[in-house]
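None of the figures in this text is laboratory data; all of them are computed from the coordinates on show. Keep in mind that what you see is a predicted model, and the values were worked out from it rather than measured. Don't worry about glycine lacking a Cβ; one is built from the backbone with ideal geometry, like all the others, and counts go over all protein chains shown.
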Amino acid sequence: MTLKVTERRWPKILTQPAPIQYEEKDHMIKRTLSAAGIVVACCVAMLIVNILHFRFFTVNVVLYDALMDTVIAVVLVLAVYLAIVRRRSMLSGLEVALCVLIGFLLSSFYALSVPTIIDRSLSFYILEKIAQRGGGIQQSGFAQIFKDEYLPEHRLVDIRLTEQLNSGTVKIEDGCVSLTPRGEHMVAFSRFYRLNMLPKKREIMGKLSDDLVDPFRNSKQAADYKCKPKPN
């Protein structure tokens, strides 16, 4: 009696690669890289446009102009994509739109955080002033520094009035600065937010305070600077 020995064969799924799965994985990687490329292109284009704009062209308001640079950069990237890359792209129109939107949001975050904060930040000024004075300043001297140095060095009054004029929130007539209707709405919103949304227990020099919720609470008028009524 002879025994018939049969050769055991493993299923092909265990012994042979699945080329279809590899192709799908490779396709997904290429799509991901394409999407990331669009986002990075928007951010890089914004940096280039912003640097060229700030170095060689007129800037009215840093924040508004930086946001405008973001829009220009996104439009340029989208134009290049539609003219050159679109035919070879693996992404759908919706995916491209989402990538451009992400690039726009990241670029807008840069515009809101980096140039605007450095331009307006009193905190950065304090650090720069300490460095300018050799690395240390007496605490009692900061009030005098803000009054005698900060205002003229940063042309604070001139630049802030320029921003408000460009924003349409104030107008200047015969040397009198007054609110426009838009400015009145902005004041109403800021006062409401300050009184109701800002922290009421904020640490200021080691003590909890709500002074900044209503900074005019104990305000003292140093001089009579109201505009004189126009003669009839």
*Show which aspartates and glutamates lie in cross-link reach of Lys129 when reach means a straight Cα distance below 19 angstrom and same-chain residues fewer than eight apart are skipped.*
Asp119, Asp148, Glu149, Glu153
*Compute the signed sum of charges (Lys and Arg +1, Asp and Glu -1) over the other residues within less than 15 Å, Cβ to Cβ, of Leu156.*
-2
*Could you put His53, His27 in order, starting from the residue whose Cβ has the fewest other Cβ atoms within 10 Å?*
His27, His53
*Evaluated at 25 °C with a viscosity of 0.890 mPa s, what Stokes-Einstein diffusion coefficient in µm²/s does region 18-120 have when Rh comes from the Kirkwood expression over alpha-carbon pairs?*
165 µm²/s
*Relative contact order, percent, region 28-181 [alpha-carbon distance under 8 Å, six or more residues apart]*: 26 percent
_Please compare each pair in Lys201/Lys228; Lys207/Lys228; Lys147/Lys226; Lys171/Lys220; Lys147/Lys228; Lys147/Lys207 to a cut-off of 32 Å on the Cα-Cα distance and tell me which ones are over it._
Lys201/Lys228; Lys207/Lys228
*Select from region 151-232 those chymotrypsin sites (Phe, Trp or Tyr not before Pro) which occupy a DSSP coil region and have at most 13 other Cβ atoms within 10 Å, ordered by residue number.*
Phe216, Tyr225
*DSSP H segments from the chain that extend 24 Å or more along their own axis, Cα-based, with Kyte-Doolittle mean of 1.0 or above*: 62-80, 93-120
*Take the Cβ-Cβ distance between Ala223 and Ala79 as r, set R0 to 45 Å, and report the resulting FRET efficiency rounded to the nearest 0.05.*
0.25
*Specify which labelled value, from (i) 337; (ii) 134; (iii) 191, agrees with volume of the Cα convex hull per residue in Å³ derived from the coordinates of the model shown.*
(i)
*Got a sec? How would Leu165, Leu91 order by Cβ neighbour count within 10 Å, fewest to most?*
Leu165, Leu91
_At 0.36 nm per residue, and after removing the present C-alpha to C-alpha distance, how many nm does the segment from Leu122 to Val40 gain when stretched out fully?_
26.4 nm
_Taking the beta-carbon count within 10 Å as an exposure proxy, list Cys227, Cys42 from fewest neighbours to most._
Cys227, Cys42
